[in-house]
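Notes follow once the structure below has been shown.
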Amino acid sequence: MRVSDADRAEIADRLAKHFSDGRLDQAEFDSRLDQAMSATTGADLAGLLADLPEGETTAPAVDPSQPRSQRKLQRRLLKLQLERERLLLKHDRREHRRREREYRWYSLGRLPVLILAIAVAIIAANALRDIFSIWLVLAVLAFLWLRNHSDRNRKDPQ
């Protein structure tokens, strides 16, 4: 059965999660990701996650029946994972604010161009208005001259 882009994206997301958790190294992640993106059938995707744990890839909850040293280690791992998530969120927020600032500066950078275009349009409109009025006056004078000239020709038949 053929797979969709959404299926490939889901597998890629799961691979990325396993890579970020340290279960895959860079080369293995790249090769599996290339294989996932070029997959056309479900069989092509079948073996990509076979050797990786299923479901939630977070650290297990602390079990009170375990030895104290292991519980401490699990707590430390949970704290590290929470700290990693907090730092990722902080980074994402910082990136979002940076993109917003860039967009604002980009928009403000366009403002002088817009003002210049409006000024040129106003100057051109005034020039065309003046030119148009000169041509209108010349056209009226030509009309009156031709009318007057043709009246003279009618009066003097010679």
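Each reported figure results from applying straightforward, stated rules to the coordinates on display, with no laboratory input. Every value quoted in this text rests on a predicted model; they were computed, and no experiment measured them. Please note: Cβ atoms are built from the backbone with ideal geometry, for glycine as well, and neighbour counts cover all protein chains shown.
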Notebook entry, point to check: Where is the GNM fluctuation largest for the chain (alpha-carbon springs, 10 angstrom cutoff): L77, L52, L141?
Noted result: L141
Note to self: Compute the helix-to-body angle for 5-20: its Cα long axis versus the longest principal axis of the chain, expressed 0 to 90° and rounded to tens.
What the structure shows: 50
Note to self: Please give the charge dipole size of the chain, origin at the Cα centre, charges +1 on K and R Cβ atoms and -1 on D and E Cβ atoms. Round to the nearest 20 debye.
What the structure shows: 1120
Item checked: the chain: calculated mean residue ellipticity at 222 nm from DSSP helix runs of at least 4, using -39500 (n - 2.57) -> -27500 deg cm²/dmol
Next item on the list: Run the numbers on the stretch 1-57 and let me know its relative contact order in percent, using alpha-carbon pairs under 8 Å that are six or more apart.
Entry: 44
Margin query: As I understand it, the value is the acute angle between the Cα axis of helix 26-37 and the longest principal axis of the Cα atoms of the chain; what does it come to in degrees, rounded to 10?
Written below: 60
Checklist line | Summed residue charge, Cβ within 14 Å of G109's Cβ, Lys/Arg positive, Asp/Glu negative | finding: +2
Next item on the list: Translational diffusion coefficient, Stokes-Einstein: compute it for the stretch 1-57 using the Kirkwood radius over C-alpha pairs as Rh, at 37 °C and 0.692 mPa s, and state it as an integer in µm² s⁻¹.
Entry: 289
Notebook entry, point to check: In the set (1) 82, 25, 10; (2) 31, 19, 13; (3) 41, 14, 12, which value of semi-axes √(5λ) of the Cα gyration tensor in Å was calculated from the structure you see?
Noted result: (1)
Next item on the list: Measure nothing fancy, just the Cα-based angle from helix 68-155's long axis to the longest principal axis of the chain, in degrees from 0 to 90, nearest 10.
Entry: 10
Item checked: Residue with peak Gaussian network fluctuation, the chain [Cα springs, cutoff 10 Å], from L114, L144, L15 -> L144
